[in-house]
């Protein structure tokens, strides 16, 4: 794989990836869609022809209710207003020119995320009408530090943290404002434009951001960028704007091939609606002649999100044993539940674990 220069002097082992630049520069939406998809296929081939990551481990983070109309862009004609999603964090160990490094993707502070305006209002309304709803819908998991310890990784060994986007995030506890935070040596990889826009949110985004979730974090703990990146061998972080302006997707070459992780979709079915058994998805895709169903709570960049989901589909491998599906692992995945009994994804990935970690 052809790599560019180091993205920042603080992280010389992270290199830029120039292969998508020409495709992204196409001005007409249709031409850009084709160009990005074609370039994504070639980039995926280069990724799978190279070495794998040393290890990847899924860490359970939180469960949450989410509006069905957002999860499937209004395509599901069923009366249940919510689905239940499982939000997860990925730990990836990679080989680099400077030795082994640990990447933590989507280490959401679940308690702080409850201050997201949309979810705070939803939680308050549920508490008034259904006092026991939160206990049933919100499952508690061991802390990320405890889960990391089980595979022999200490918080101070995390080199970088990144998020697919900054919806619901509060990074102050992770990085610290006056102290070192939960991951004292980690630098945050922050898409430059979204990091800046967090200070002056568009009205259509305000409901989904913790407004002061970055305030007081030292600039020395944040590395902003506007590029596609290689995070060591077998791991890419590619720009996939649309769901937010700085949305990005982690791609990992692991034991079962190349998979991606983002919240552009909420289930494997979002990236393969014509193969879905969820009521409404196949007919919606066929009616409108589309190949993906957006996670559509923020519609202002919907066209770009469609291009980004097409890029994701082109980079990753097919699901072993079910080639109609692609290996896109939603960072927040719809799960089969009594909340919406007929909404059953064709497959639930749940975990994407491979490679070797030294156990404590």
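Every read-out reported here was derived from the displayed coordinates using simple, explicitly stated rules and does not represent laboratory data. Quantities reported herein were computed from a predicted structural model and do not represent experimental measurements. Methodologically, a virtual Cβ is constructed for each residue, glycine included, from the backbone with ideal geometry; neighbour enumeration extends over all protein chains shown.
Report summary: the helix-based calculation at 222 nm, which adds -39500 (n - 2.57) for every DSSP H run with n ≥ 4 and divides by the residues of the chain, gives -6500 deg cm²/dmol. Over the range 214-360, the Kirkwood radius and the radius of gyration, each from Cα atoms, give a ratio Rg/Rh of 1.00.
Once C-alpha pairs closer than 8 Å and six or more residues apart are averaged by separation and normalised to the residue number of the chain, the relative contact order reads 23 percent.
Computed across the range 213-284, the Kirkwood hydrodynamic radius from all distinct Cα-Cα pairs reaches 15.0 Å. Going from the residue with the fewest nearby Cβ atoms within 10 Å to the one with the most, 16, 68, 335, 146 rank 146, 16, 335, 68. Highest average first, the peptides 69-79, 221-231 ordered by how many other beta carbon atoms sit within 10 Å of their residues are 221-231, 69-79.
Taking 7 Å along the Cα-to-C-beta vector as the label spot, tell me the residue 222-residue 111 distance in nanometres, rounded to one decimal. Distance between the two pseudo-spin positions: 2.3 nm. Potential lengthening of the chain between residue 48 and residue 130 amounts to 24.7 nm, from the contour at 0.36 nm per residue minus the alpha-carbon distance. In the calculated pair-distance distribution of the range 37-160, the portion above 16 angstrom amounts to 73 percent of the Cα-Cα pairs.
Report the calculated FRET efficiency for residue 5 and residue 27 (r = Cβ-Cβ distance, R0 = 41 Å), to the nearest 0.05. With a Förster radius of 41 Å, E is 0.95.
Hey, fewest Cβ within 10 Å first, where do 97, 333, 304, 211 land in order?
So the residues, fewest neighbours to most, are 97, 211, 304, 333.
Modelled this way, with points 7 Å down the Cα-to-C-beta line, the labels at residue 324 and residue 215 are 5.0 nm from one another.
Entry note: the range 112-264 has Rg to Rh equal to 0.98, where both radii use alpha-carbon atoms and Rh is the Kirkwood radius.
Count the DSSP beta bridges whose two residues both fall in the range 14-340, then state the antiparallel fraction as a percent rounded to the nearest 5. Counting DSSP beta bridges with both partners in the range 14-340, the antiparallel share is about 75 percent. Residues 356, 292 in ascending order of nearby Cβ atoms (within 10 Å, fewest first): 356, 292. Taking only alpha carbon atoms, the chain gives an Rg to Rh ratio of 0.94, where Rh is the Kirkwood radius. In this calculation the C-beta distance from residue 34 to residue 204 is compared with R0 = 22 Å, giving a FRET efficiency of 0.20.
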